[in-house]
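Beneath this line is the structure, given in structure tokens, with notes to follow.
What follows draws every value from the coordinates through simple rules; no lab data is involved. Predicted model only: the values in this text are computed from it and were never measured. For neighbour counting, all protein chains shown are included, and Cβ atoms are generated from backbone atoms with ideal geometry for every residue, glycine included.
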Amino acid sequence: MTRYIRHAAVFCALLLVALLVNATRIQVVQAGRYDDNPANRRATIARYDQKRGDILVGGKPVTGSRDTGEQLRYERTYTNGPLYAPVTGFASQVYGTTLLEHSGDAVLSGTDPLLTPFPLWNDLTRAQSPGGNVVTTLNRAAQQAAYEGLGGRKGAVAAVEPSTGRVLALVSSPSYDPAVLSGNSAATERSWARLNSDPDKPMLNRAVRQTYPPGSTFKVVTAAAALDAGVVTDVDKPTDSPDPYTLPGTSTTLTNEGDGCADASLRAAFEWSCNTVFAKLGVDVGVADMAATAEDFGFNDAGLRIPFSVAPSTFDTSVDKAQLALSSIGQYNTRATPLQMAMVAAAVANGGQVRPPYLVERTTTDDGDTVSTSGSRPVRQAMHPATAVRMKELMEDVVTEGTGTNAAIPGATVGGKTGTAQHGLGNSGTPYAWFVSWAQGERDLEPKVAVAVVVEDASADRGDITGGGVAAPIARAVMEAVLGS
Amino acid sequence: MTNAGTTVATADPPAPAVRLPRRRGIELALIVLAVLLSVYGYCDVGLAKNGTVPPGAAGYGAGLGVLALLAHIAVRLRAPYADPLLLPIGVLLNGLGLVLIYRLDLETPGDRAAPTQLVWSTLGVTLFIVVVLVLRDHRVLQRYSYVCVVAALVLLLLPILFPAVNGARIWIRIAGFSIQPGEFAKVLLAVFFAAYLADNRNALAYAGRRVWFMQLPTGRVLGPIVAIWLLSVGVLVLERDLGTSLLFFGLFVVLLYVATGRTGWIAVGLLLASLGAVAVGWLEPHVHSRVEDWLHPFASIDAGQGPNQLAQSLFAFAAGGVLGTGLGLGHSILIGFAAKSDFILATAGEELGLAGLSAIFLLYGLLVERGYRAGLSLREPFGRLLAVGLASIVALQVFVIAGGVCGLIPLTGMAMPFLAQGGSSVVTNWAMVALLIRVSDSARSQYDGEVAP
């Protein structure tokens, strides 16, 4: 019997070996695959197990974290959520992250390897870095002024610092409080459904993710192209342009809102926003030069990130002359984000140089040590410096005696351009009111702010919707806020 | 090889009187170590979860220590030659089980299982002491073998009268207590098998035809094994309890082989077992779904229904890695239902890692080895078969449940001996350790020069 007992003991030993081998299989060999399975909640639990880093505006956080005591422990909170929603986006336990919460997620959630004191430190200690902070370039006062200026009307404001590209304000209205999406409760689900079905689309970031026909504000680009191409050599010389203007190759005629546009000089045509003159100028410049200038300003660039992506503004390059004429006055297929139009104004203010806009000054660890900075970015020359000087003059005239007088700031140099963009089938939609501008304070060496405002006000009369009436006061408030701070 | 417990043989012995050391001091030292390890684990959980030593730490340590000490005194009094490793292993596994259950209780504040488990452990140790004190010789049990089998059958069939819980009819509920009679039945059946085979092994060893290298048994003696096989399948079908069925049948085949030494029995056993398993796996939906889960643990994830228990268990083991997350820092509670009972090993795997899990497996291995060693040392067949049978129960049960939660074999609802939440299981396991103590005491005292009765 002894022999058989030994055999049975060997059998038991084999069972033990099988268990040990199998344990090694699941705990070591295949562990990585199991850990990465999307249905494994451990990564999610670890992610919400510590406070999320903050997004800072003007040195103060506009975000926070709340301890819920639940399995997913910390929930995102926002101070003044609707104001900063177009910048922060949301950080939801259910619906993921957007905008800065998304592009800065590695730092905010503490997973960025740069947050550790030494490489592989966390792998050794099996610790997690505390969430780092994202320091934005925003100007608190400008952001507030833009938000209050829009006052809940549909529209957007983008403001940048011309000499650097720092984004000073980014507002979209109507907005929403991203805090309602932070958790994982049924209420979160209801909020998500409500926000998505809202006809006003409060989660749409109109400043960077929505393109509008820029209308007359695009004439800044057309004028710069005409000056650069030599089509216009003297801004005060009459341009040989009829009123009304028949679009080349068609019998459609283009008219102006006001009189005095026939053969008007570039200065007068810019001041009074003559469609006929700029349509003809665009055709005279030609599609190649128009497109080249537009693209130098940033149009047709699908790769712009600030660090989240910006919807590409478009200037159609395969057009006939009639279409080019309409494109040149910001209609047809020309579309731009408010941020793109702020870049146009900034290029004029900055001697023709386009600085790519950016929103993140630097990222830091939770105790303030710098992890990364915005770094230097490539600069594009959108127009000759001489052209920029003349464009500045033209834009100043608009504010001092043209359509943009509402934007004038006492004691500061302000240049601007109004726009009223038609859209919809047969131009039946309520027009969009535009205003783009820049401002330089008395003691400043260079323009401090460039801003673009668009208001899509469905309730106002068609006649009232002019860039000068509706959009210019908002732009002025933003510029004043920047110059005053 | 001499210590305090050894007495030196007289100068002119009539027989080689090599008196084996009693080793009770080693047992006591190991028990102290086991209790300290458990208390350390208990404190570690509190420190990891709340940053403080849990308020009940001293009480828990004292309780476990007093229980272990009483058991040790009983062994000292009535089984002084018993194997010194058996009791400390039982104490350590039971203490560790309490720590793991306490740790999981922290995740489910509304459903505390550790206090109940401590009560059951006390009952179990009490039963251990009673068995060690009352049962002076294991051979007494041989006389009651048929009482044992009748009692076992009654216990096995009892749950059929009660409603099914989670698809299996293995519980009976009396006055708020859930009892799993199948757990008690396994000791009784081990006693019966050992007695039956000790009596009939010669008849059963009578060989029939020889096929290939195997001696097939004659048809006449196939009766008993077919009866046991039918019993197992009956348990499986009526109670939908794959694990218990597998355990009983495996136990019988192992003992049959040990008693007769005929490989033919193993062949017949395996054939019948696979026949039964395939048929039931095919026909019985509850068992069939277990097999499907085993083959495709992530099927429910692919179907968009989230991970099932087995997938969650595998995730827990994987999260542990080699060294584990540390007690109190894992998330094995995601397994949900049965995390404290059937899936307790996943918590050990996640928080103690492959290192801790292997240590636990080796503890079971050591327990089984001590049982086999006692079996080898004995001379009479009943004691040998009983020791081998009890050790094999532990080995098979650990393999069936651990293999199940680790995805090695289809999952079956069984309790991990000593570790898992479950009163019937912990009481039974203490009874089994008591019997092993008794058997090993007989085995080792036979060498002490006195004539073994």
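Remark: the stretch A:69-173 carries a charge dipole of roughly 260 debye about the Cα centre, counting +1 on each Lys and Arg Cβ and -1 on each Asp and Glu Cβ.
Basic side chains Lys and Arg get +1 at the Cβ, acidic Asp and Glu get -1 at the Cβ, and with that the dipole of the stretch B:53-187 about its Cα centre reaches some 400 debye. With a Cα-only, solvent-free Debye model of the stretch A:212-328, what are the log10 I(q)/I(0) values at q = 0.13, 0.24 Å⁻¹? Listed by q, the Debye log ratios stand at -0.49, -1.40. Can you give the FRET efficiency to the nearest 0.05 for residue A:196 and residue A:44, using r as the Cβ-Cβ distance and R₀ = 22 Å? With a Förster radius of 22 Å, E is 0.45. Across the protein assembly as shown, the convex hull enclosing all Cα atoms gives 218 Å³ per residue.
So what is the calculated 222 nm ellipticity per residue for chain A, using -39500 (n - 2.57) for each DSSP H run with n of 4 or more, over all residues, to the nearest 500 deg cm²/dmol? All intermediate terms of the calculation are to be shown ahead of the outcome.
Values: 17 runs with 169 residues, N = 485.
For chain A, the value works out to -10000 deg cm²/dmol.
How much mean residue ellipticity at 222 nm does chain B get from its helices, if each DSSP H run of length 4 or more adds -39500 (n - 2.57) and you divide by all residues, to the nearest 500 deg cm²/dmol?
After summing the helix terms and dividing by residue count, I get -22500 deg cm²/dmol.
The peptide list B:352-360, B:106-114, B:89-97, A:68-76, put in order of mean Cβ contacts within 10 Å with the highest first, becomes B:89-97, B:352-360, A:68-76, B:106-114.
Residue by residue along A:31-39, Cβ atoms of other protein chains within 10 Å of the local Cβ number 5 on average. Across the options B:121, A:95, A:307, the greatest Cα extent toward the positive end of the charge dipole of the protein assembly as shown (unit charges at beta carbon of Lys, Arg, Asp, Glu) belongs to B:121.
Taking 1.002 mPa s as the viscosity and 20 °C as the temperature, the Stokes-Einstein diffusion coefficient of chain A based on its alpha-carbon Kirkwood radius rounds to 87 µm²/s.
Dipole orientation for the protein assembly as shown: of the candidates B:440, A:28, A:208, B:440 has the Cα lying most toward the positive pole (charges on Cβ; Lys, Arg +1; Asp, Glu -1). Note on residue A:253 and residue A:445: the model spin-label points, each 7 Å out from Cα along the C-beta direction, lie 5.4 nm apart. Placing dummy labels 7 Å off each Cα toward the beta-carbon, the span from residue B:32 to residue B:143 is 4.2 nm.
Look at the dipole of chain B built from charges on Cβ: of B:180, B:246, B:263, the Cα furthest out on the positive end belongs to B:263. Between residue B:355 and residue B:73, full extension at 0.36 nm per residue minus the direct alpha carbon distance yields a gain of 98.2 nm. Converting phi to 3J(HN,Hα) with the Karplus coefficients 6.51, -1.76 and 1.60 and the offset θ = phi - 60°, the stretch A:6-18 yields 4, 4, 4, 5, 4, 4, 4, 5, 5, 4, 4, 4, 4 Hz in sequence order, with x at every glycine or proline. Based on the reciprocal of the average 1/r between different C-alpha atoms, the Kirkwood radius for the stretch A:125-278 equals 20.1 Å. Based on the convex hull around the alpha carbon atoms, chain B presents an average projected area of 24.2 nm². When only the Cβ of Lys, Arg, Asp and Glu is charged (+1, +1, -1, -1), the dipole of the protein assembly as shown relative to its Cα centre reaches about 5620 debye.
Where does each of B:140-153, A:339-352, B:317-330 land if you order them by average Cβ count within 10 Å, highest first?
A:339-352, B:317-330, B:140-153
Label-to-label distance, residue A:386 versus residue A:295, with points set 7 angstrom from Cα along the beta-carbon direction: 2.5 nm. Annotation: peptides A:112-125, A:435-448, A:379-392, A:155-168, ranked by per-residue average of other Cβ atoms within 10 Å with the highest first, follow the order A:155-168, A:435-448, A:379-392, A:112-125. Both radii are taken from the alpha-carbon atoms of the stretch A:13-150; with Rh as the Kirkwood radius, Rg/Rh is 1.15.
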